[in-house]
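Here is the structure we will look at, set down as structure tokens.
The values are calculated or read from the model by the stated rules, or taken from the named source; none is laboratory data. Since the model is a prediction, treat every value here as computed from it, not as a measurement. Don't worry about glycine lacking a Cβ; one is built from the backbone with ideal geometry, like all the others, and counts go over all protein chains shown.
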């Protein structure tokens, strides 16, 4: 029932008119069928993976505390956010290639990306989830930003570039801003008072 | 010597062309003289006050840990950031009125405000400091945003509205983003590798 509701909402709500191509998707299955056929979906709800270059913060333990808090708060909304740490750009690119093979939408955080309001981000977040069969990936480069090969089309997939702000954040801080916005998206969709 | 260096930098660096009026400022004293005549400046360096409606976070201790970390890191740059908590809009407005009386620039965080890159924020941050005789105030409203009377000219002072992002943040989270940007501004000015 939960996924029916999600699909209904994603269909009814106003979504930005921009059409984003995620490359070849199995033409035989509709989005609804893909959601229904995904065992991951049945077990885990909406699965968001954040791929990031770097190490789980050591000295800045508040960052991990903050991310954990939002991850826990997201569980009742059936949204599972997991962070995958990559030791270098090559490892990140390899991870993204495996996402593309599985037809999972990959959203890259990049200063050249589209800027969203939280409401627009909410609409697109649930749209990406629908396209990916309740799975999607956000990608954050290391201290030097994203590797150039991920900003260009890769294996026939056009990257989706998103910017959180005109301001620059550290990549660790960007992860926190992103998780808070995912939590905000779930609260906006629920219609709670968190987002006024 | 430190203040000479600051004034020199603030004079030499490229600043946005937009002219912002802070209302009546003593025409007899130049900015340099006002810096020299300010006893606060001599004792404490650059003093930034963040006025915010709300209570020092209780359950989200990571927020306080994060802000404290940046405040500590700012000390060697001679930038003192203090947060003043206001229990309601009236108390905030009263605080801002006292700032205006002392001719301290007040920057309001508001979704309608100007959006900056971190480099532009750095230029304006040091410009505001120079105008205020090494003192300035940032103002963050409560959960409902800034009170309307602070967004309008008050006591002959035109408000400076600044927006951190198209995205919405909680006001507590906005305080953290702001402090990180102040720290980033000091690192940009020093030319360290923090801002790449």
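Taking the stretch B:74-92 as the range and being surrounded by fewer than 18 Cβ atoms within 10 Å (Cβ to Cβ), over 13 Å from residue B:49 (Cα atoms) and under 17 Å from the mean Cα position of the chain (by Cα) as the test, the residues that pass are B:75, B:77, B:78. Checking the structure you have, find out if any residue of the stretch B:133-140 is surrounded by fewer than 20 Cβ atoms within 10 Å (Cβ to Cβ) and more than 10 Å from chain A (Cβ to nearest Cβ). Within the stretch B:133-140 (the criterion being surrounded by fewer than 20 Cβ atoms within 10 Å (Cβ to Cβ) and more than 10 Å from chain A (Cβ to nearest Cβ)), the answer is no, since none of the residues qualifies. Of all residues in the stretch B:99-112, those that are crowded, with 17+ Cβ neighbours inside 10 Å, farther than 14 Å from residue B:178 by Cα and over 13 Å from the mean Cα position of the chain (by Cα) total 2.
Determine, yes or no, whether residue A:156 is at positive phi and surrounded by 20 or more Cβ atoms within 10 Å (Cβ to Cβ). So residue A:156 does not fit the description; no.
Once the stretch A:69-113 is narrowed to residues that are at pLDDT 95 or above, within 14 Å of chain B (Cβ to nearest Cβ) and out of contact with any helix residue (DSSP H, G or I) (no Cβ under 9 Å at 6 or more places or on another chain), the residue that is farthest from residue A:165 (Cα to Cα) is A:72.
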